[in-house]
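Structure, as structure tokens:
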Amino acid sequence: MDKMTNPGSKAISVMKSVLFSYLVTIFMLLVIAFLMLQTGLSGGVLGAMVIVTYIVSVFLGSFYMGRHVEQKRFVWGLIVGVVYFAIYCMISMIVHGEEPAEVMHFVKAFLIIAGSGMLGGMLS
């Protein structure tokens with residue numbers, strides 16, 4: 001693979017990685033919705049499956065990013081995770097309107113997303 005040195009190409013690669021992560025997220029959420037329809041999953045199992053979706057999708061996107069940079073792969077994985085989380089927050093605010101958000105929910109989601117982003121970058 002061609003390693004990047006141009007900052008512009010790194011930004012494009014970050015966007016590709018985040019897009020890939022969201023495509024994986026959409027696919028996994030569709031699978032979860034199908035499983036809910038077929039089996040009637042409980043709320044606890046559903047919550048765990050959504051968390052696994054975050055972990056897998058950000059890990060794969062960060063792994064992709066780590067394959068395209070030479071140095072500090074964990075940092076680039078973290079960047080992918082932070083961008084993913086920022087988009088996640090914007091979507092949550094649009095869907096839920098201007099209701100007060102649960103801060104601990106966002107803190108937990110940030111830690112999960114950032115951690116799996118760093119791990120994906122490190123293992124690439």
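The values are calculated or read from the model by the stated rules, or taken from the named source; none is laboratory data. Bear in mind the structure is a predicted one, so any value in this text is a computation, not a measurement. No Cβ is skipped: glycine too gets one built from the backbone with ideal geometry, and neighbour counts run over all protein chains shown. Just so you know, the surface numbers come from the protein's heavy atoms only, side chains and all, with ligands and any DNA or RNA stripped out. Shrake-Rupley method; radii C 1.70, N 1.55, O 1.52, S 1.80 Å.
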Of the residues that make up segment 47-67, is at least one out of contact with any Gly (no Cβ under 7 Å at 6 or more places or on another chain) and open to solvent by 90 Å² or more (accessible area, probe 1.4 Å)?
yes
Checking the condition out of contact with any His (no Cβ under 6 Å at 6 or more places or on another chain) and modelled with pLDDT of 90 or more, which residue from Thr5, Thr53 passes?
Thr53
Top-ranked residue of segment 73-104 - restricted to ones that are under 17 Å from Ile51 (Cα atoms) and of a type in the set (Phe, Trp, Tyr), ranked as least open to solvent (accessible area, probe 1.4 Å):
Tyr84
Cβ pairs under 6 Å, 6+ apart or interchain, first in segment 64-78 and more than 16 Å from Ser21 (Cβ to Cβ), second outside any helix (DSSP H, G or I) and open to solvent by 50 Å² or more (accessible area, probe 1.4 Å), ordered by first then second residue, are Glu70/Lys3
Conditions (1) open to solvent by less than 70 Å² (accessible area, probe 1.4 Å); (2) within 19 Å of the chain's Cα centre (by Cα); (3) aliphatic (A, V, I, L, M) -> Leu41 fails only (2)
Answer with yes or no whether Val31 is over 16 Å from the mean Cα position of the chain (by Cα) and either open to solvent by 50 Å² or more (accessible area, probe 1.4 Å) or closer than 28 Å to Gly8 by Cα (or both).
yes
Could you tell me whether any residue of segment 105-122 is without any contact (Cβ under 8 Å) to a residue 40 or more places away in the chain, basic (Lys, Arg) and surrounded by 12 or more Cβ atoms within 10 Å (Cβ to Cβ)?
yes
